[in-house]
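Take a look at the structure set out below.
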Amino acid sequence: MTVAQVMFYLIAALAVGGALGVVLSRNTVYAALFLILSLLAVAGVYILLAQEFLALVQVLIYAGAVTVLLLFALMLTRVGDLPETMVGAQWPLAAAASSLLGGLLIAAVATSDWPGDAQSQITRVPFEALGDALYRQWAVPFEIASLVLLVALVGAIVLAREEEGE
Amino acid sequence: MDGASAVAQQIPLEHFLVLSAILFSIGVYGVLSRRNAVLIIMSVELMLNAASINMVAFAAYASPGAFIGIIFAIFIITIAAAEVGLALAIVLRVFRNRQTANVDELDTLRW
């Protein structure tokens, strides 16, 4: 096994382990911390695929901002749930459905022909090219995304603020 | 050839896709089984990440010249940030009105 392979399987194990921690943990705060682990492992996957910018964004926005927001929400909606009631009574069905879906997806991956055989190479996308594409070729989606963020910002404030006389 | 560009010769694309499939199924399990709305949002984040891995892996392996997959992943992260902000505001509002964040207790639309 080469270094890259060892790294990939290590990172994949971390990502899957963190994800399992998110869905199986009996403690909501532990679940959020497991989520950080899984998101950081996904950033590692991006680095293995030579996408440093995406890995940076993943660490800053996902592992940083989003999880802090989730932890805040957990803190504000705390009612002291019993650990036994963290999952609903439907969990065996959920486990069956999700493992069926996972099996189907993996079977589809295994039986399909994919591009990228042994001689293919991963090219590193330079930051300049990425910024150029974002601001020229993808300028309209970029602006729409900023509008979506603005609407989400205003909407979140309107939804979450305390109203007078409430 | 440096280390990063040599990855393709050592790890086949299928391994990234299988990793993404596993993460997605775990996220589906979380969405279906959890009761707390915040934990459901966390599982949705796992699913979004699985989709991003797929996009980036395809961008790196299938079309190295055009990086549409990477642009997609950037937009996924942007939309996920907006979605988490809004969803958590809704959860906070629901919690303030009903004193619970468990989705199975929000059953006033049911008869």
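Every number here is computed from the coordinates shown, using simple stated rules; none is lab data. Being a predicted model, the structure only gives us computed values, none of them experimental. FYI the Cβ positions are ideal-geometry reconstructions off the backbone, even for glycines, and counts take in every protein chain you see.
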Placing unit charges on C-beta atoms (Lys and Arg positive, Asp and Glu negative, everything else neutral), compute the dipole magnitude of the protein assembly as shown about its Cα centre in debye, rounded to 20. 360 debye
Region A:1-91: Kirkwood hydrodynamic radius (Cα pairs, Å) comes out at 14.3 Å
Between the alpha carbon centres of region A:62-79 and region A:25-46 the gap in Å comes to 13 Å
Could you give the alpha-carbon Rg of the protein assembly as shown over 2.2 N^0.38 Å, rounded to two decimals? 1.06
Test of understanding: what is the full-extension gain from A:T2 to A:L56, defined as 0.36 nm times their sequence separation minus their Cα-Cα distance? 16.9 nm
Answer in debye to the nearest 20: the dipole magnitude of chain B about its Cα centre, from +1 Lys/Arg and -1 Asp/Glu charges placed on Cβ, is 460 debye
Would you please classify the overall shape of chain A from the alpha carbon gyration tensor, given that a ≥ b ≥ c denote the square roots of the eigenvalues, rounded means a/c under 1.5, and beyond that prolate means a/b larger than b/c while oblate covers the rest? oblate
Test of understanding: what is the full-extension gain from A:R161 to A:L100, defined as 0.36 nm times their sequence separation minus their Cα-Cα distance? 17.8 nm
What length, rounded to one decimal in nm, is gained on full extension from A:D132 through to A:A108, with 0.36 nm per residue of separation minus their alpha-carbon distance? 5.1 nm
